[in-house]
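Some notes on the structure that comes next.
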Amino acid sequence: MKAAAPVRLLIVDDHPVVRQGLRTFLETRPDFEVVGEAGDGETAVAEAARLRPDVILMDLVMPGVGGLDAIARIRSADPGARILVLTSFASADQVLPALRGGAAGYLLKDAAPAEVEAAIRAVHRGEGLLDPAVTATVLAEVAHPGAAAPASPAMSDAGVNSLTPREREVLALLGRGMTNAAIARELFVAEKTVKTHVSSILAKLRLADRTQAALYAARLGFPS
């Protein structure tokens with residue numbers, strides 16, 4: 001059987017030592033391949049278009065064009081681009097724009113190497129992943145009066161009412177930042193079943209990915 005192609009990675013960070021450390025760690029994994037690096041957002045946009053990596057590891061605070069602008073530009077040019085934010089900042093003014101801009105995952109730099117590896121694999125699978133501290137930030141921001149624009153009643157009612165009871169359960173767990181595997185354990189179902197529910201939820205709510213679904217659930221205070 002032919003081995004699966006390695007996951008092609010682009011590392012974006014303004015600190016050369018960080019880039020080198022990530023490259024050294026990731027290239028010890030036979031199924032990862034670092035195909036490029038960028039030290040600022042402008043270079044990241046160009047390299048993303050040139051290399052078409054499977055996953056982009058994106059820092060946010062960089063000189064010149066920052067990570068938030070880079071995410072928006074990359075996703076505008078390639079809506080299928082999979083971006084994992086890897087940063088030191090968990091404040092709402094960084095987290096929410098990054099997720100709304102199209103980042104599939106958000107991880108803090110104090111994460112363990114195994115967590116970084118797992119996050120890359122999750123994003124590559126199309127699942128997305130939020131650092132627990134980031135999930136808390138999102139929920140706190142949504143709960144704070146005036147922190148986020150509320151979903152329109154019409155969209156909320158139509159979207160949520162179209163979901164089955166099981167899909168509502170899955171949506172609520174997505175809002176807590178849980179992975180497919182964790183949701184499967186929580187609901188005592190197969191992970192494949194959870195993936196099916198997530199796909200249905202995204203289609204019914206007209207959302208691009210599970211991260212947007214998690215934000216949707218959190219903004220509605222779901223479940224009520």
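Against the list (1) more than 16 Å from the chain's Cα centre (by Cα); (2) closer than 20 Å to Asp110 by Cα; (3) not acidic (Asp, Glu), the condition Ala44 fails is (2). Those helices (runs of 4 or more DSSP H) of the range 180-224 in which 2 or more residues are at pLDDT below 80 and out of contact with any Phe, Trp or Tyr (no Cβ under 8 Å at 6 or more places or on another chain) occupy 210-219.
Within the range 36-54, being over 19 Å from Arg75 (Cβ atoms) and either touching a Leu at 6+ places or on another chain (Cβ under 7 Å) or open to solvent by 30 Å² or more (accessible area, probe 1.4 Å) (or both) holds for one residue alone: Glu37.
Can you find a residue that is at pLDDT 90 or above, farther than 26 Å from Val198 by Cα and surrounded by 19 or more Cβ atoms within 10 Å (Cβ to Cβ) anywhere in the range 77-87? Looking for residues that are at pLDDT 90 or above, farther than 26 Å from Val198 by Cα and surrounded by 19 or more Cβ atoms within 10 Å (Cβ to Cβ), one finds at least one in the range 77-87, hence yes.
Got a sec? Which of Arg23, Arg19, Arg8, Arg29 is of a type in the set (Lys, Arg) and surrounded by 18 or more Cβ atoms within 10 Å (Cβ to Cβ)? Exactly one residue qualifies, and that residue is Arg19. Set side by side, the residues Ser76, Ser91 differ, and just one is of a type in the set (Ser, Thr, Tyr) and without any contact (Cβ under 8 Å) to a residue 12 or more places away in the chain, which is Ser76.
The values are calculated or read from the model by the stated rules, or taken from the named source; none is laboratory data. Owing to the predicted nature of the structure, the values given are computational and were not obtained by experimental measurement. Positions of Cβ are backbone-derived with ideal geometry, glycine not excepted, and every protein chain shown enters the neighbour counts. Calculation scope for accessible area: heavy atoms of the full protein, side chains included, ligands and nucleic acids excluded. Shrake-Rupley method; radii C 1.70, N 1.55, O 1.52, S 1.80 Å.
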